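Just below is one structure, and these are the notes that go with it.
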Amino acid sequence: MLKLITGILFLTLIAYGANPLAGNRRRLIDSNERADALNISQISDENISYFKRHDLVVKIPDKTASFYLDPGHVLKQFRYARPWTVAYLIELASEYYAQFNKPLRVTSALRTVQHQRRLMRRNRNASPAKGSWASLHVRGISIDISHKNMSRKQKSWMRKRLTSDMQTGLIDAIEETRGSACFHIVVFPEDRLPE
Ligand SMILES: [Zn+2]
């Protein structure tokens, strides 16, 4: 009997781990704890200009050969992210482009706490702006890449690539299918940020 229960438990675990890109609240909490430990603070309407002025967040190019910021989704003042997040996007997009000769469409980057609150009022699936499972976009370390118009092959390439980067601990990624239809990617820095 015990053997059977252990077996079922193991199978459940395998099934559970079958989709490493499935999102849940536990993962949001883990990512927030990790971001706290790395000293990555939240960004608000009040301090966003300080972050920009000191290059704590950097401008994402509007359009390159390998990716573009969807102007219908990303407001001008939010076309920024932490430097290592932008570096990751550039690398990921250039590899994707080398494979498929198509640019990635970025639909979200930095959000302020206030902007996240506005999103939450409009979208039931949006994460809160504050608290233990807050959206990582408000720390400037997240980007969303739309998979709405990706082929099955393109999606599977992305899944493989993101899963392998998750295994090295570099990123956390979720494939969102409800509402925004995107790969939500959180990129962590190698070292803790200075106080
Ligand atoms: Zn996102």
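Residues of the range 125-166 being surrounded by fewer than 20 Cβ atoms within 10 Å (Cβ to Cβ), more than 24 Å from Phe100 (Cα to Cα) and out of contact with any strand residue (DSSP E or B) (no Cβ under 9 Å at 6 or more places or on another chain), which ones?
First pass over the range 125-166, keeping only residues surrounded by fewer than 20 Cβ atoms within 10 Å (Cβ to Cβ): 125-126, 128, 130-133, 146, 148-149, 151-157, 159-161, 163-166.
Retained after the next criterion (residues that are more than 24 Å from Phe100 (Cα to Cα)): 125-126, 128, 130-133.
Hits for the range 125-166 are Ala126, Pro128, Lys130, Gly131, Ser132, Trp133.
Give the residue that is surrounded by the fewest Cβ atoms within 10 Å (Cβ to Cβ), with candidates limited to residues of the range 167-186 that are in contact (Cβ under 8 Å) with a residue 24 or more places away in the chain and farther than 14 Å from His147 by Cα.
Start the filter on the range 167-186 by keeping residues that are in contact (Cβ under 8 Å) with a residue 24 or more places away in the chain, which leaves 170-176, 178-186.
Now restrict to residues that are farther than 14 Å from His147 by Cα: 170-172, 186.
Numbers: Leu170: 17, Ile171: 22, Asp172: 25, Val186: 25.
Among those residues, the one meeting the criterion is Leu170.
Go through the range 31-58 and count every residue that is within 16 Å of Val86 (Cβ to Cβ) and free of Cβ contacts under 8 Å to residues at least 24 places away in the same chain.
Residues flagged as within 16 Å of Val86 (Cβ to Cβ) and free of Cβ contacts under 8 Å to residues at least 24 places away in the same chain within the range 31-58 amount to 1.
Would you be able to say whether some residue in the range 104-111 is of a type in the set (A, V, I, L, M, F, W, C), out of contact with any Pro (no Cβ under 9 Å at 6 or more places or on another chain) and surrounded by fewer than 21 Cβ atoms within 10 Å (Cβ to Cβ)? Before the answer, list the steps.
To start, the set of residues in the range 104-111 that are of a type in the set (A, V, I, L, M, F, W, C) comprises 104, 106, 109-110.
Subsequent filtering for residues that are out of contact with any Pro (no Cβ under 9 Å at 6 or more places or on another chain) retains 104, 106, 109-110.
If we keep only those that are surrounded by fewer than 21 Cβ atoms within 10 Å (Cβ to Cβ) as well, we get none.
No, there is no match, as no residue in the range 104-111 is of a type in the set (A, V, I, L, M, F, W, C), out of contact with any Pro (no Cβ under 9 Å at 6 or more places or on another chain) and surrounded by fewer than 21 Cβ atoms within 10 Å (Cβ to Cβ).
From the residues in the range 90-133 that are among the hydroxyl-bearing types (Ser, Thr, Tyr) and outside any helix (DSSP H, G or I), which one is nearest to Glu46 (Cα to Cα)?
Looking at residues that are among the hydroxyl-bearing types (Ser, Thr, Tyr) and outside any helix (DSSP H, G or I), I get Thr112.
Just for the range 109-140: of the residues that are within 14 Å of the ligand (Cβ to nearest atom) and out of contact with any Leu (no Cβ under 9 Å at 6 or more places or on another chain), which one is modelled with the lowest pLDDT? Walk me through how you get there before you give the answer.
To start, the set of residues in the range 109-140 that are within 14 Å of the ligand (Cβ to nearest atom) comprises 109-111, 115-116, 119-120, 123, 125-129, 133-140.
Now drop any that are not out of contact with any Leu (no Cβ under 9 Å at 6 or more places or on another chain), which leaves 110, 116, 119-120, 123, 125, 128.
On the way: Leu110: 98, Gln116: 95, Leu119: 91, Met120: 90, Asn123: 84, Asn125: 78, Pro128: 90.
Among those residues, the one meeting the criterion is Asn125.
Residues are listed down the side, and each one gets a yes or a no for (1) farther than 28 Å from Glu33 by Cα; (2) of a type outside the set (Phe, Trp, Tyr); (3) away from the ligand (no atom under 13 Å from the Cβ):
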| residue | (1), (2), (3) |
| --- | --- |
| Pro61 | yes, yes, yes |
| Trp84 | no, no, yes |
| Asn101 | yes, yes, yes |
| Met166 | no, yes, yes |
| Asp172 | no, yes, no |
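Between a first residue in the range 62-80 that is more than 20 Å from Ile141 (Cβ to Cβ) and a second residue that is of a type in the set (Phe, Trp, Tyr), which pairs have beta carbons less than 6 Å apart while being 6 or more apart in sequence or on different chains?
Partner pairs satisfying both residue conditions: Ser66/Tyr97.
The values are calculated or read from the model by the stated rules, or taken from the named source; none is laboratory data. Note that this is a predicted model, so its numbers are computed, not measured. We place every Cβ from the backbone using ideal geometry, glycine too, and count neighbours over all the protein chains shown.
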